[in-house]
Amino acid sequence: MRLIRRNESPVGGWYYELSQGLVIKAEAPGLEPLERRVKQFMNANSIQVPSDLRGMIEDQICSRQPSGKCRYEKDKAGDLIAAGISFLAGIADKVANIAGANPELKKKAKGCSSCGKRRMTLNNLSR
């Protein structure tokens, strides 16, 4: 997923959470300053910097954003699958709401971290 407006501060701010639970915040607003800060931290702590770090950061930020702040990439397999799942989850939510339940499947699908990793892997394969 990609931010629609990269110059606009995302909801929650410019930060990236590493798998160890560490949160790294940008010193200046923007995706590039955040990426530089994350790389510096990873290098200083002997953590291998992934080749698709910027995409991983942007994807994680998008998983925290409300609708309308991010978009799926149409030429990436992972994003196409995620968009389809999101669409179907939205339909399931509407049906469940009619029945009196509110499962919020679309919200859960968007925030799924393992789904995000899978989406990124598929996106990198479709380059």
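A short reminder: the numbers here are calculations on the coordinates, not readings from a lab. Small disclaimer: the values here were computed from a predicted structure and weren't measured. Cβ atoms come from the backbone with ideal geometry, glycine included; neighbour counts cover every protein chain shown.
Observations on the structure shown:
- Whole-Hz Karplus values for the stretch 76-89 come out as 10, 4, x, 5, 5, 5, 4, 5, x, 5, 4, 4, 5, 5 Hz, taken residue by residue from phi with 6.51 cos²θ - 1.76 cosθ + 1.60 and θ = phi - 60°; glycine and proline positions read x.
- Net dipole in debye of the chain [+1 Lys, Arg Cβ; -1 Asp, Glu Cβ; about Cα centre; nearest 20]: 160 debye
- Degrees between helix 53-63 axis and first principal axis of the chain (Cα, 0 to 90, nearest 10): 40 degrees
- Nearby lysines by direct alpha-carbon distance to LYS94 (threshold 21 angstrom, same-chain neighbours under 8 apart not counted): LYS106, LYS107, LYS108, LYS110
- For ILE47, the amide hydrogen comes within under 5 Å of no other amide hydrogen, counting only partners 5 or more places away or on other chains and with H modelled in the peptide plane.
- Reduced Cα scattering model of the chain, Debye log10 I(q)/I(0), q = 0.15, 0.22 Å⁻¹: -0.74, -1.33
- GNM result for the chain, Cα springs below 10 Å: residue of GLY21, GLY13, GLY116 fluctuating most strongly: GLY21
- Across the stretch 73-127, the mean sequence separation of Cα contacts (distance under 8 Å, 6 or more residues apart), normalised by length, yields a relative contact order of 51 percent.
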